[in-house]
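Student: The structure's right below; bear with me while I get my questions together.
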Amino acid sequence: MSRKVRVKKQSNAKRTSVKSLVKVPFENGFQFYTDIGNYTGITATNLNEFAAMLQTIPIESVTFHFQRKDFQRWIKDTVKDTELAGQINRIKQGMPAEDLRKEILSTVKQANA
């Protein structure tokens, strides 16, 4: 008598972040500035919006927030994605601004793929 054993296939899919879909209240959204007191009028309330807006915000906003670690802090403390915050934190300072934008965007998109 032969017994068949079924083995459940495990998914090799990347970590799909439900956090990318979680929308925070507008007042807790990421507000993009180009300098202290210079709000761009752009706010992201989830990681999908954040990624979309990151593509078009002024480059000064990217460098301003990255140097201050604002992106990492918002993602860790508000979105509650410590892994993604850590990945962004590991991006090297000092690269050309547009390369920095691309690197942050790529990191966010990979985490939410």
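Student: Take each of the peptides 22-30, 67-75, average the number of other beta-carbon atoms within 10 Å over its residues, and list them starting from the highest. Mind dumping the intermediate values first?
Tutor: Numbers: 22-30: 14.0, 67-75: 17.2.
With the highest mean Cβ count within 10 Å placed first, the list reads 67-75, 22-30.
Student: In the neighborhood of residue 38, defined by Cβ-to-Cβ distances under 15 Å, what is the net charge if each Lys or Arg adds +1 and each Asp or Glu adds -1? Walk me through the numbers on the way to the answer.
Tutor: Numbers: positive: 68; negative: 35, 60, 70.
Counting the neighbours of residue 38, the net charge comes to -2.
Student: Could you work out the per residue convex hull volume over the alpha carbons of region 24-113, in cubic angstrom? Walk me through the numbers on the way to the answer.
Tutor: On the way: hull volume 7.6 nm³, N = 90.
Value for region 24-113: 85 Å³ per residue.
Student: Using the count of nearby Cβ atoms within 10 Å as a rough guide to exposure, how do 100, 84 rank from fewest to most? Spell out each step's value before the answer.
Tutor: Working: 100 19, 84 24.
So the ranking, lowest neighbour count to highest, is 100, 84.
Student: Which order do 56, 40 fall in if you start with the one that has the fewest other Cβ atoms within 10 Å?
Tutor: Details: 56 8, 40 14.
The fewest-first ordering by Cβ neighbours comes to 56, 40.
Coordinate-derived values only; no laboratory data. These figures come from a predicted structure and were not determined experimentally. Positions of Cβ are generated from backbone atoms using ideal geometry, with glycine treated the same way; all protein chains shown enter the neighbour counts.
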